[in-house]
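Participant: Structure provided below as C-alpha coordinates; questions to follow.
The values are calculated or read from the model by the stated rules, or taken from the named source; none is laboratory data. Everything quoted here is computed from the prediction, not taken from an experiment. Every residue, glycine as well, gets a Cβ built from its backbone with ideal geometry; the counts of neighbours run over all protein chains shown. What goes into the accessible areas is simple: the full protein's heavy atoms, side chains included, and nothing from ligands, DNA or RNA. Shrake-Rupley method; radii C 1.70, N 1.55, O 1.52, S 1.80 Å.
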Amino acid sequence: MSTQSTRPKVLLSGPLQYAGKELREQVGGIADVVELTSKSREEFKKDLPTKYANLAVIYHLHDPEDTLGHLDDEFFSMLPESCKYICHFGAGYDDVDVIAAHKHGVSVTHTPGAVDDATATTAIFLILSSMRRFWAAEQSCRAGNWKKGLPLARDPEGKTLGIVGMGGIGKVVARRMREWGMKVVYYNRRELNPKPDFECEYKSSLEELLKVADVVSLHMPLNAQTAGSFSTAQFAAMKDNSVLINTARGGVIDEPALIETLKRGDKLWAVGLDVFPNEPEINPELMKFDNVTLLPHMGTETTDSRHKMGMVVIGNILNALKGEPLTNQVPEQKKLISEGK
(Lines give C-alpha, C1' and ligand atoms only; values in the text may rest on other atoms or scores of the structure.)
Protein backbone atom coordinates (compact mmCIF):
# COMPACT_ATOMS: atom_id res chain seq x y z
CA MET A 1 0.00 0.00 0.00
CA SER A 2 1.44 3.39 -1.06
CA THR A 3 1.73 6.20 1.42
CA GLN A 4 1.30 9.83 0.55
CA SER A 5 4.45 11.96 0.64
CA THR A 6 4.77 14.25 3.64
CA ARG A 7 7.22 16.55 1.87
CA PRO A 8 6.04 20.08 1.07
CA LYS A 9 4.52 20.53 -2.37
CA VAL A 10 5.28 23.18 -5.00
CA LEU A 11 2.34 23.49 -7.37
CA LEU A 12 2.83 24.56 -10.99
CA SER A 13 -0.27 26.58 -11.92
CA GLY A 14 0.40 26.21 -15.64
CA PRO A 15 2.70 24.55 -18.20
CA LEU A 16 6.37 24.91 -17.31
CA GLN A 17 8.49 25.80 -20.34
CA TYR A 18 11.62 27.43 -18.96
CA ALA A 19 14.32 26.28 -16.51
CA GLY A 20 12.34 23.10 -15.88
CA LYS A 21 15.45 20.94 -15.53
CA GLU A 22 16.89 23.32 -12.94
CA LEU A 23 13.58 23.41 -11.06
CA ARG A 24 13.41 19.63 -10.80
CA GLU A 25 17.05 19.36 -9.74
CA GLN A 26 17.19 22.23 -7.24
CA VAL A 27 13.69 22.25 -5.80
CA GLY A 28 12.98 18.54 -6.24
CA GLY A 29 15.55 17.70 -3.60
CA ILE A 30 13.48 19.28 -0.82
CA ALA A 31 9.91 19.32 -2.15
CA ASP A 32 7.52 17.52 -4.47
CA VAL A 33 6.89 19.51 -7.66
CA VAL A 34 3.35 18.77 -8.87
CA GLU A 35 1.26 20.01 -11.77
CA LEU A 36 -2.20 21.52 -11.54
CA THR A 37 -4.67 18.97 -12.88
CA SER A 38 -7.89 20.48 -11.49
CA LYS A 39 -10.17 21.75 -14.25
CA SER A 40 -11.77 24.63 -12.33
CA ARG A 41 -11.27 26.70 -9.21
CA GLU A 42 -14.07 24.75 -7.51
CA GLU A 43 -12.36 21.47 -8.32
CA PHE A 44 -9.05 22.90 -7.11
CA LYS A 45 -10.65 23.70 -3.75
CA LYS A 46 -11.92 20.13 -3.43
CA ASP A 47 -8.51 18.72 -4.42
CA LEU A 48 -6.51 20.75 -1.90
CA PRO A 49 -6.69 18.18 0.95
CA THR A 50 -5.82 15.26 -1.34
CA LYS A 51 -3.91 15.94 -4.58
CA TYR A 52 -2.24 19.02 -3.15
CA ALA A 53 -1.82 18.01 0.49
CA ASN A 54 1.09 19.79 2.19
CA LEU A 55 0.94 22.59 -0.41
CA ALA A 56 3.61 25.14 0.50
CA VAL A 57 4.30 27.21 -2.63
CA ILE A 58 2.42 28.01 -5.82
CA TYR A 59 4.58 28.68 -8.87
CA HIS A 60 2.26 31.10 -10.64
CA LEU A 61 2.54 30.95 -14.43
CA HIS A 62 0.05 33.40 -15.92
CA ASP A 63 -2.02 32.12 -18.81
CA PRO A 64 -5.19 33.68 -20.30
CA GLU A 65 -6.84 30.28 -19.90
CA ASP A 66 -5.52 29.82 -16.35
CA THR A 67 -7.75 27.50 -14.32
CA LEU A 68 -7.21 29.51 -11.16
CA GLY A 69 -8.04 32.85 -12.78
CA HIS A 70 -7.22 36.15 -11.09
CA LEU A 71 -5.75 35.38 -7.67
CA ASP A 72 -8.17 37.36 -5.52
CA ASP A 73 -9.43 37.41 -1.94
CA GLU A 74 -11.69 34.42 -2.57
CA PHE A 75 -8.74 32.41 -3.87
CA PHE A 76 -6.50 33.20 -0.91
CA SER A 77 -9.28 32.44 1.55
CA MET A 78 -9.42 28.84 0.29
CA LEU A 79 -5.71 28.11 0.61
CA PRO A 80 -4.59 25.84 3.47
CA GLU A 81 -2.45 27.20 6.31
CA SER A 82 0.54 25.38 4.85
CA CYS A 83 0.57 27.53 1.68
CA LYS A 84 2.25 30.84 2.42
CA TYR A 85 3.94 31.72 -0.87
CA ILE A 86 3.04 32.67 -4.44
CA CYS A 87 6.15 32.81 -6.63
CA HIS A 88 5.07 34.62 -9.78
CA PHE A 89 6.78 34.15 -13.16
CA GLY A 90 7.04 37.75 -14.38
CA ALA A 91 7.98 41.24 -13.30
CA GLY A 92 4.40 42.52 -13.59
CA TYR A 93 1.91 40.83 -11.26
CA ASP A 94 -1.41 42.62 -11.84
CA ASP A 95 -3.13 39.23 -12.09
CA VAL A 96 -2.41 38.69 -8.37
CA ASP A 97 -4.16 40.73 -5.66
CA VAL A 98 -1.09 41.18 -3.50
CA ILE A 99 -2.97 43.12 -0.81
CA ALA A 100 -5.49 40.29 -0.41
CA ALA A 101 -2.59 37.84 -0.30
CA HIS A 102 -0.95 39.82 2.49
CA LYS A 103 -4.22 39.87 4.44
CA HIS A 104 -4.23 36.08 4.35
CA GLY A 105 -0.55 35.80 5.29
CA VAL A 106 0.64 34.86 1.80
CA SER A 107 3.86 36.40 0.49
CA VAL A 108 4.12 37.13 -3.25
CA THR A 109 7.39 37.29 -5.18
CA HIS A 110 8.09 38.31 -8.78
CA THR A 111 11.05 38.48 -11.17
CA PRO A 112 12.34 42.06 -11.39
CA GLY A 113 15.68 42.46 -13.12
CA ALA A 114 15.34 39.31 -15.20
CA VAL A 115 13.10 41.11 -17.69
CA ASP A 116 14.98 44.42 -17.84
CA ASP A 117 17.15 43.88 -20.92
CA ALA A 118 14.54 42.21 -23.12
CA THR A 119 11.76 44.69 -22.29
CA ALA A 120 14.13 47.62 -22.74
CA THR A 121 15.11 46.29 -26.17
CA THR A 122 11.40 46.21 -27.07
CA ALA A 123 10.94 49.80 -25.89
CA ILE A 124 13.95 50.94 -27.90
CA PHE A 125 12.65 49.21 -31.03
CA LEU A 126 9.35 51.05 -30.57
CA ILE A 127 11.16 54.37 -30.09
CA LEU A 128 13.12 53.89 -33.30
CA SER A 129 10.19 52.52 -35.29
CA SER A 130 7.99 55.38 -34.13
CA MET A 131 10.47 58.16 -34.80
CA ARG A 132 11.69 56.78 -38.11
CA ARG A 133 8.25 55.46 -39.14
CA PHE A 134 9.85 52.08 -39.87
CA TRP A 135 6.54 50.21 -39.51
CA ALA A 136 4.90 52.27 -42.25
CA ALA A 137 8.05 51.95 -44.37
CA GLU A 138 8.02 48.16 -44.12
CA GLN A 139 4.34 48.04 -45.07
CA SER A 140 5.07 50.24 -48.08
CA CYS A 141 7.97 48.01 -49.08
CA ARG A 142 5.89 44.83 -48.80
CA ALA A 143 3.14 46.42 -50.86
CA GLY A 144 5.64 47.11 -53.65
CA ASN A 145 5.43 50.89 -53.27
CA TRP A 146 9.04 51.45 -52.21
CA LYS A 147 9.08 54.92 -50.54
CA LYS A 148 6.12 56.33 -52.41
CA GLY A 149 4.02 58.54 -50.17
CA LEU A 150 6.19 58.14 -47.07
CA PRO A 151 6.78 61.43 -45.20
CA LEU A 152 10.23 62.29 -43.88
CA ALA A 153 10.77 60.93 -40.39
CA ARG A 154 12.71 62.20 -37.34
CA ASP A 155 16.02 61.28 -35.69
CA PRO A 156 16.36 60.42 -31.98
CA GLU A 157 19.69 62.26 -31.67
CA GLY A 158 19.38 65.56 -29.84
CA LYS A 159 15.86 64.81 -28.59
CA THR A 160 14.72 64.51 -24.98
CA LEU A 161 13.59 61.13 -23.68
CA GLY A 162 11.21 61.19 -20.72
CA ILE A 163 11.17 58.04 -18.60
CA VAL A 164 8.06 57.62 -16.46
CA GLY A 165 9.11 55.08 -13.83
CA MET A 166 12.89 54.85 -13.57
CA GLY A 167 13.06 51.26 -12.35
CA GLY A 168 15.22 48.51 -13.79
CA ILE A 169 13.73 48.64 -17.30
CA GLY A 170 13.60 52.42 -17.41
CA LYS A 171 17.27 52.63 -16.44
CA VAL A 172 18.33 50.26 -19.23
CA VAL A 173 16.30 52.22 -21.81
CA ALA A 174 17.72 55.52 -20.58
CA ARG A 175 21.31 54.28 -20.48
CA ARG A 176 21.14 52.84 -24.00
CA MET A 177 19.34 55.82 -25.55
CA ARG A 178 21.89 58.25 -24.10
CA GLU A 179 24.35 56.48 -26.38
CA TRP A 180 22.05 57.51 -29.26
CA GLY A 181 22.53 61.13 -28.26
CA MET A 182 19.28 61.61 -26.36
CA LYS A 183 18.95 63.75 -23.25
CA VAL A 184 17.18 61.90 -20.41
CA VAL A 185 14.68 63.23 -17.91
CA TYR A 186 12.65 61.07 -15.57
CA TYR A 187 9.74 61.15 -13.16
CA ASN A 188 9.23 58.93 -10.11
CA ARG A 189 7.26 59.60 -6.96
CA ARG A 190 10.65 60.32 -5.39
CA GLU A 191 14.04 61.20 -6.81
CA LEU A 192 16.38 58.22 -6.98
CA ASN A 193 18.96 58.01 -4.22
CA PRO A 194 21.65 57.11 -5.03
CA LYS A 195 21.44 58.81 -8.40
CA PRO A 196 21.69 56.69 -11.57
CA ASP A 197 25.18 56.06 -12.93
CA PHE A 198 24.41 58.08 -16.09
CA GLU A 199 23.48 61.68 -16.73
CA CYS A 200 19.78 62.39 -16.29
CA GLU A 201 17.52 65.02 -14.78
CA TYR A 202 14.76 64.40 -12.24
CA LYS A 203 11.39 66.09 -12.74
CA SER A 204 9.30 66.44 -9.60
CA SER A 205 6.01 66.10 -11.46
CA LEU A 206 4.80 64.24 -14.51
CA GLU A 207 3.57 67.50 -16.01
CA GLU A 208 7.09 68.99 -15.87
CA LEU A 209 8.43 65.96 -17.72
CA LEU A 210 5.71 66.08 -20.38
CA LYS A 211 6.46 69.73 -21.15
CA VAL A 212 10.02 68.96 -22.25
CA ALA A 213 10.02 65.34 -23.47
CA ASP A 214 10.04 64.61 -27.21
CA VAL A 215 9.61 60.92 -26.42
CA VAL A 216 7.69 59.65 -23.37
CA SER A 217 8.34 56.02 -22.40
CA LEU A 218 6.08 54.45 -19.76
CA HIS A 219 7.55 51.97 -17.28
CA MET A 220 5.25 52.09 -14.24
CA PRO A 221 3.38 49.09 -12.79
CA LEU A 222 -0.37 48.67 -13.21
CA ASN A 223 -2.21 49.12 -9.93
CA ALA A 224 -5.16 51.03 -8.49
CA GLN A 225 -3.20 54.29 -8.59
CA THR A 226 -1.86 53.99 -12.14
CA ALA A 227 -4.83 52.41 -13.94
CA GLY A 228 -5.93 54.80 -16.70
CA SER A 229 -3.73 57.49 -15.18
CA PHE A 230 -2.20 58.59 -18.51
CA SER A 231 -5.29 60.33 -19.81
CA THR A 232 -6.67 63.54 -21.33
CA ALA A 233 -4.80 65.90 -19.01
CA GLN A 234 -1.49 64.15 -19.64
CA PHE A 235 -1.94 64.20 -23.42
CA ALA A 236 -2.77 67.89 -23.23
CA ALA A 237 0.43 68.54 -21.26
CA MET A 238 2.68 66.82 -23.83
CA LYS A 239 4.73 68.71 -26.37
CA ASP A 240 3.18 69.01 -29.80
CA ASN A 241 4.28 66.18 -32.13
CA SER A 242 5.79 64.05 -29.38
CA VAL A 243 6.07 60.26 -29.25
CA LEU A 244 4.46 57.94 -26.69
CA ILE A 245 5.86 54.46 -25.95
CA ASN A 246 4.23 51.87 -23.68
CA THR A 247 5.89 48.58 -22.70
CA ALA A 248 4.48 48.63 -19.16
CA ARG A 249 0.83 47.54 -19.06
CA GLY A 250 -1.93 48.54 -21.43
CA GLY A 251 -4.19 49.57 -18.56
CA VAL A 252 -2.01 52.51 -17.49
CA ILE A 253 -3.21 54.45 -20.56
CA ASP A 254 -6.77 55.69 -20.94
CA GLU A 255 -7.27 54.11 -24.37
CA PRO A 256 -10.27 56.23 -25.49
CA ALA A 257 -8.28 59.35 -24.63
CA LEU A 258 -5.31 58.01 -26.62
CA ILE A 259 -7.48 57.34 -29.67
CA GLU A 260 -9.09 60.76 -29.45
CA THR A 261 -5.65 62.39 -29.25
CA LEU A 262 -4.47 60.43 -32.28
CA LYS A 263 -7.54 61.54 -34.21
CA ARG A 264 -6.87 65.19 -33.41
CA GLY A 265 -3.35 64.81 -34.76
CA ASP A 266 -1.76 67.69 -32.88
CA LYS A 267 0.06 66.09 -29.95
CA LEU A 268 1.31 62.71 -31.10
CA TRP A 269 3.81 62.35 -33.91
CA ALA A 270 3.77 58.61 -33.32
CA VAL A 271 2.93 55.91 -30.79
CA GLY A 272 4.56 52.55 -30.05
CA LEU A 273 2.58 49.96 -28.09
CA ASP A 274 3.57 46.51 -26.88
CA VAL A 275 0.76 46.19 -24.33
CA PHE A 276 -3.01 46.62 -24.39
CA PRO A 277 -5.85 46.78 -21.83
CA ASN A 278 -7.70 43.65 -23.01
CA GLU A 279 -4.98 41.36 -24.33
CA PRO A 280 -4.96 39.51 -26.65
CA GLU A 281 -7.61 41.83 -28.11
CA ILE A 282 -6.42 45.05 -29.73
CA ASN A 283 -8.82 47.92 -30.25
CA PRO A 284 -9.42 47.98 -34.04
CA GLU A 285 -9.40 51.79 -33.92
CA LEU A 286 -5.64 51.65 -33.32
CA MET A 287 -5.18 49.76 -36.58
CA LYS A 288 -6.36 52.78 -38.54
CA PHE A 289 -3.35 54.96 -37.71
CA ASP A 290 -0.20 54.55 -39.82
CA ASN A 291 1.84 56.36 -37.17
CA VAL A 292 1.19 53.65 -34.56
CA THR A 293 3.55 50.66 -34.22
CA LEU A 294 1.86 47.66 -32.61
CA LEU A 295 3.51 44.59 -31.09
CA PRO A 296 1.72 41.60 -29.46
CA HIS A 297 3.32 41.95 -25.99
CA MET A 298 6.79 40.91 -27.11
CA GLY A 299 8.68 42.37 -24.14
CA THR A 300 10.09 39.11 -22.77
CA GLU A 301 9.49 36.84 -25.76
CA THR A 302 13.03 35.47 -25.86
CA THR A 303 14.32 32.13 -24.61
CA ASP A 304 17.18 33.92 -22.83
CA SER A 305 14.89 36.24 -20.89
CA ARG A 306 12.42 33.50 -20.00
CA HIS A 307 15.21 31.28 -18.69
CA LYS A 308 16.49 34.12 -16.51
CA MET A 309 12.97 34.64 -15.18
CA GLY A 310 12.65 30.93 -14.42
CA MET A 311 15.91 30.93 -12.49
CA VAL A 312 14.74 33.90 -10.39
CA VAL A 313 11.52 32.03 -9.59
CA ILE A 314 13.57 29.01 -8.51
CA GLY A 315 15.58 31.23 -6.17
CA ASN A 316 12.38 32.64 -4.70
CA ILE A 317 10.93 29.14 -4.20
CA LEU A 318 14.08 27.90 -2.48
CA ASN A 319 14.07 30.92 -0.15
CA ALA A 320 10.43 30.23 0.68
CA LEU A 321 10.92 26.52 1.37
CA LYS A 322 13.99 27.16 3.51
CA GLY A 323 12.36 29.98 5.44
CA GLU A 324 15.01 32.43 4.28
CA PRO A 325 14.38 36.16 3.59
CA LEU A 326 12.62 36.78 0.28
CA THR A 327 14.76 38.82 -2.09
CA ASN A 328 12.00 39.52 -4.59
CA GLN A 329 8.87 40.12 -2.52
CA VAL A 330 6.55 42.60 -4.26
CA PRO A 331 6.98 46.25 -3.14
CA GLU A 332 3.40 46.67 -1.86
CA GLN A 333 3.87 43.87 0.64
CA LYS A 334 7.32 45.06 1.71
CA LYS A 335 5.81 48.48 2.39
CA LEU A 336 3.03 46.97 4.52
CA ILE A 337 5.59 44.94 6.47
CA SER A 338 7.76 48.02 7.08
CA GLU A 339 4.67 49.81 8.43
CA GLY A 340 3.94 46.90 10.75
CA LYS A 341 0.69 45.98 9.01
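Participant: Please check which bits of the range 223-239 a label hung off His70 would reach, taking the label as a point 7 Å along Cα-to-C-beta and the cut-off as backbone N under 20 Å.
Facilitator: 223-230
Participant: Taking only protein heavy atoms and a 1.4 Å probe, what accessible area per residue, in Å², does the chain have with all protein chains in place? Kindly include the intermediate steps, with their values, before the conclusion.
Facilitator: Values: 16870 Å² over 341 residues.
Result: 49 Å² per residue.
Participant: Per the helix-only calculation at 222 nm, which mean residue ellipticity applies to the chain, given -39500 (n - 2.57) for every DSSP H run of n ≥ 4 and division by its residues, nearest 500 deg cm²/dmol? It would help to have the intermediate numbers written out before the result.
Facilitator: Working: 12 runs with 114 residues, N = 341.
Only helices count here, giving -9500 deg cm²/dmol.
Participant: List, in the order given, every pair from Lys171/Lys322; Lys159/Lys308; Lys45/Lys335; Lys46/Lys341; Lys183/Lys211; Lys45/Lys84 whose Cα-Cα distance in the structure shown is over 21 Å. Mind dumping the intermediate values first?
Facilitator: Numbers: Lys171/Lys322 33 Å; Lys159/Lys308 33 Å; Lys45/Lys335 30 Å; Lys46/Lys341 31 Å; Lys183/Lys211 14 Å; Lys45/Lys84 16 Å.
As for pairs spanning more than 21 Å Cα to Cα, those are Lys171/Lys322; Lys159/Lys308; Lys45/Lys335; Lys46/Lys341.
Participant: For the range 187-311, what does the alpha-carbon gyration tensor say about shape, rounded, prolate or oblate, given a ≥ b ≥ c as the root eigenvalues, a/c under 1.5 as rounded, and a/b over b/c as prolate? Show your work: numbers first, answer last.
Facilitator: Numbers: a/c = 1.73, a/b = 1.04, b/c = 1.67.
Oblate is the answer for the range 187-311, as a/c is 1.5 or above yet b/c matches or exceeds a/b.
Participant: Sticking with this one: At q = 0.23 Å⁻¹, what is the log10 ratio I(q)/I(0) for the range 1-73, with the Debye formula run over Cα points and no solvent?
Facilitator: Taken in order of the listed q values, log10 I(q)/I(0) reads -1.13.
Participant: Now for a different question. When only the heavy atoms of the protein chains count and the probe is 1.4 Å, how do Thr121, Thr327, Thr6 rank by accessible area, highest first? Write out the running numbers ahead of the final one.
Facilitator: Working: Thr121 75, Thr327 100, Thr6 125 Å².
Result of the area sort, largest leading: Thr6, Thr327, Thr121.
Participant: Under a straight-distance cross-link criterion of Cα-Cα below 26 Å, which lysines are reachable from Lys288, leaving out those fewer than 8 residues away in the same chain?
Facilitator: Cross-link targets: Lys147, Lys148, Lys239, Lys263, Lys267.
Participant: Same structure again: Inverting the mean 1/r over all pairs of different Cα atoms, compute the Kirkwood radius of the chain and quote it in Å.
Facilitator: 21.8 Å
Participant: Continuing with the same structure: Where does the longest stretch of the chain lie that holds no chymotrypsin sites (Phe, Trp or Tyr not before Pro) found in a DSSP loop with 13 or fewer other Cβ atoms within 10 Å?
Facilitator: Values: sites that count: Trp146, Phe198.
Answer - 1-145.
Participant: Still on this structure, please answer the following. Using a 1.4 angstrom probe on the protein heavy atoms only, line up Lys46, Lys203 by accessible area, largest first.
Facilitator: Details: Lys46 160, Lys203 30 Å².
Descending order: Lys46, Lys203.
Participant: Give a residue-ordered list of calculated ³J(HN,Hα) values for the range 302-313 (Karplus: 6.51 cos²θ - 1.76 cosθ + 1.60, θ = phi - 60°; whole Hz; x for Gly, Pro).
Facilitator: Once θ is set to phi - 60°, the couplings for the range 302-313 become 9, 5, 5, 5, 5, 5, 4, 4, x, 5, 5, 4 Hz.
Participant: Among all stretches of the chain without exposed GluC sites (Glu not before Pro) (DSSP loop, at most 11 other Cβ atoms within 10 Å), which one is longest?
Facilitator: Working: sites that count: Glu65, Glu81, Glu157, Glu179, Glu199, Glu281, Glu339.
In the chain, the maximal stretch lacking such sites is 200-280.
Participant: If the chain between Lys103 and Glu260 were fully stretched, how many nm would it gain, using 0.36 nm times the residue separation less the Cα-Cα distance? Don't skip to the end; give the middle numbers.
Facilitator: On the way: separation 157, 0.36 × 157 = 56.52 nm, distance 4.01 nm.
Computed gain between Lys103 and Glu260 is 52.5 nm.
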